[in-house]
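A short worksheet on the structure shown next.
Nothing in this text is a laboratory measurement; each read-out follows from the coordinates by a stated rule. Since this is a predicted model, take the numbers as computed values, not measurements. Note that each Cβ is placed from the backbone with ideal geometry, even for glycine, and that neighbours are counted across all protein chains shown.
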Amino acid sequence: MSVTIENTDLTTLQTERLRRLVGRVYARVPFYREAFDAAGVAPADVRTLDDLRALPFTRKSDLRDHYPFGLLAADMDDVVRVHGSSGTSGKPTVVAYTAADIDLWAEVMGRTLSLGGVTRRDIVHNAYGYGLFTGGLGAHYGAERLGAAVVPASGGDTRRQIMLIQDFGATAICCTPSYAIYLAEVAAEMGVDLRASRLRVGFFGAEPWSEGMRQEIEARLGLKALDIYGLSEIIGPGVAAECLEQAGLHLYEDYFLPEIVDPATGEVLPDGEQGELVITTLTKEALPVIRYRTGDITRLHRGPCACGRTLVRMTKISGRTDDMLIVRGVNVFPSQVEAVLMQLRGVQPHYVIIVDRERAAMDSLEIWVEVDEGIFSDQLGALADLQMRATAELREMLGIAAKVRLVEPNRIERSMGKAKRVIDRRDVYQNG
Ligand code: DLL
């Protein structure tokens, strides 16, 4: 096998790129110069990939503190594009691209779509939002790079999107997993069966989604549903993606060097262990980042995939370090709730988790989930039975009791982009 040789080549490439990167950010970005000096590392100390560990982490707060362009390593005159992701503070996290960065983005998104077999013969319906959000233009450039025909549908006007998918004969679709479900629902209302369309593959990401959700999407849309991952701070979509084997996301480590760290201590963890994904961009020009704490929880594993690719793979993101809810002292991840709900018969893939504080130190956890059409009117026993099963299985998975509220179809708000699954009312309570 040539795996060892290939990996040696890869290591050489990564090392060269890393050394160039640290020299560049030290020379051009005061923030990195100060951080390196404070950590007592000079660019010349970085000789191997292991030396990366000596470098300090970069966090989202560092981007925010240098809003909007304080971390740029290129002249603003060389910047050709700006994107951003919405922040809780009201100001977006701003990211910027040179022409070379846009070219890299097209390359990694071209790779992403070709992992699902997209070629110039495909018609790609792109329902990721176009705008400051990176989803729309990222998928757009990737599809164009492959020579496919892109339909820049963006978000909104779902009925029209369904008409376009049918009329143009789209073979591939890009959108959030929650929007994919919504498309299928609206199609059903219109009397359209998307399983009969030409769609054969979908690229879904920008939010966490479970295996159960994948099965639901594949069944309703009649396509192969692939998970694609990325974040604005690194490039947008195009950091890692599944191939048709659906056996982990190939992470483009020739451009984005990954590490897994213990979220609490920052200690680097060995391959196979679960922790927070940290990424160093090896070739980005406008906004390179060193050891960026993504907040996303996953694990890495090596070894060639059945598809033949040898890039390191990451498992589906199971949550974020900051989406863990602590309810009555117990850690609750929204992904656990989704995993339980998606296994129950009779429920729909629409749910919301509501945490509230009735009185000091007495948090309540309530889970609203939509049930199948007809279950309210037809079978009262079935409803009570479902409620009992959901409550028992959630209790078993979470280790605490949650109140389950079965709600009628369409009660929970649909999303064109990232779904909002958690409503935490405790902050309101605490702030009076
Ligand atoms: O969501 C980029 C993107 C667009 C990825 C389209 C995939 C498809 P941001 O808005 O900066 O960028 O949000 C990034 O979204 O740190 C994760 O927490 C989450 N996320 C993105 N993809 C996935 C995924 C885009 N496949 C943040 N699974 C990331 C789970 C994901 N979470």
_Can you give me the long-range amide H partners of residue 363? Hydrogens built in the peptide plane at 1.01 Å from N, cutoff under 5 Å, separation of 5 or more residues or another chain._
328
*Highest first, please rank the peptides 250-263, 124-137, 191-204 by the mean number of other Cβ atoms sitting within 10 Å of their residues.*
124-137, 250-263, 191-204
_In Å and on Cα atoms, what radius of gyration and Dmax does the chain show?_
22.6, 73
*Alpha carbon centroid spacing (whole Å) that separates the range 230-271 from the range 162-182*: 27
*What list of ³J(HN,Hα) couplings, whole Hz, do you get for the range 303-309 from phi and the Karplus terms 6.51, -1.76, 1.60, once you set θ to phi - 60° and write x for glycine and proline?*
x, x, 7, 4, 6, x, 6
*Which FRET efficiency value, to the nearest 0.05, is calculated for residue 407 and residue 107 with the Förster distance at 35 angstrom and r the Cβ-Cβ distance?*
0.20
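With charges only on Cβ, +1 for K and R and -1 for D and E, what is the dipole size of the range 217-275 about its Cα centre, in debye, rounded to 20?
Details: 2 positive and 12 negative charges, 88 e Å.
With only Lys, Arg, Asp and Glu charged at Cβ, the dipole is about 420 debye.
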*Gap separating the Cα centres of the range 12-61 and the range 94-110, nearest whole Å*: 22
*Could you give the alpha-carbon Rg of the range 325-431 over 2.2 N^0.38 Å, rounded to two decimals?*
1.09
*Separation of alpha-carbon centers, the range 373-422 and the range 285-300, rounded to whole Å*: 35
*Could you run the Karplus curve 6.51 cos²θ - 1.76 cosθ + 1.60 with θ = phi - 60° over the range 325-333 and give me ³J(HN,Hα) per residue in whole Hz, x for Gly and Pro?*
9, 10, 10, 6, x, 10, 7, 10, 9
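What share of the DSSP beta bridges in the range 341-416 is antiparallel, in percent to the nearest 5? It would help to have the intermediate numbers written out before the result.
Values: 9 of 14 bridges.
Antiparallel bridges: around 65 percent, rounded to the nearest 5.
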*If you bin the C-alpha pair distances of the range 96-320 every 5 Å from 0, what whole percents do you get?*
1, 7, 15, 19, 19, 16, 11, 6, 3, 1, 0
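For the range 254-405, what is the relative contact order in percent, using Cα pairs closer than 8 Å and at least 6 residues apart in sequence? Could the numbers behind the result be given before it?
Numbers: 250 pairs, mean separation 21.1, N = 152.
It comes to 14 percent, rounded to a whole number.
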_Please list, ordered by chain and number, the residues whose modelled amide H lies under 5 Å from the amide H of residue 412; skip anything fewer than 5 residues away on the same chain._
none
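Please give the per residue volume of the convex hull enclosing the alpha carbon atoms of the range 259-301, rounded to a whole number of Å³.
On the way: hull volume 2.9 nm³, N = 43.
About 68 Å³ per residue, rounded to a whole number.
The range 1-102: Rg/Rh from Cα coordinates, Kirkwood Rh? Numbers along the way, then the final one.
Values: Rg = 16.2 Å, Rh = 15.6 Å.
Value, to two decimals: 1.04.
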_Could you give each residue of the range 130-136 its phi-based ³J(HN,Hα) in whole Hz, using Karplus coefficients 6.51, -1.76, 1.60 with θ = phi - 60°, and x for Gly or Pro?_
8, x, 5, 4, 7, x, x
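Please state the equivalent ellipsoid semi-axes for the range 260-336: what are the square roots of 5 times the Cα gyration tensor eigenvalues, largest first, in whole Å? The partial results should precede the final answer.
Working: eigenvalues 125, 65, 26 Å².
Output for the range 260-336: semi-axes of 25, 18, 11 Å.
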*asked:* So for the chain, averaging the separation of alpha carbon pairs under 8 Å that are six or more residues apart and normalising by length, what relative contact order in percent results?
replied: 13
*asked:* If you filter the range 1-100 for trypsin sites (Lys or Arg not before Pro), then keep DSSP loop positions with at most 16 other Cβ within 10 Å, what is left?
replied: 47, 59
*Quick one: which residues, 5+ away or cross-chain, put their amide H under 5 Å from the amide H of residue 125? H built at 1.01 Å from N.*
151, 171, 172, 173, 174
*For the chain, calculated [θ]222 nm from helices alone, where every DSSP H run of n ≥ 4 adds -39500 (n - 2.57)*: -10500 deg cm²/dmol
_To test your reading of the geometry: what angle, between 0 and 90 degrees and rounded to tens, separates the Cα axis of helix 3-28 from the longest principal axis of the chain?_
70
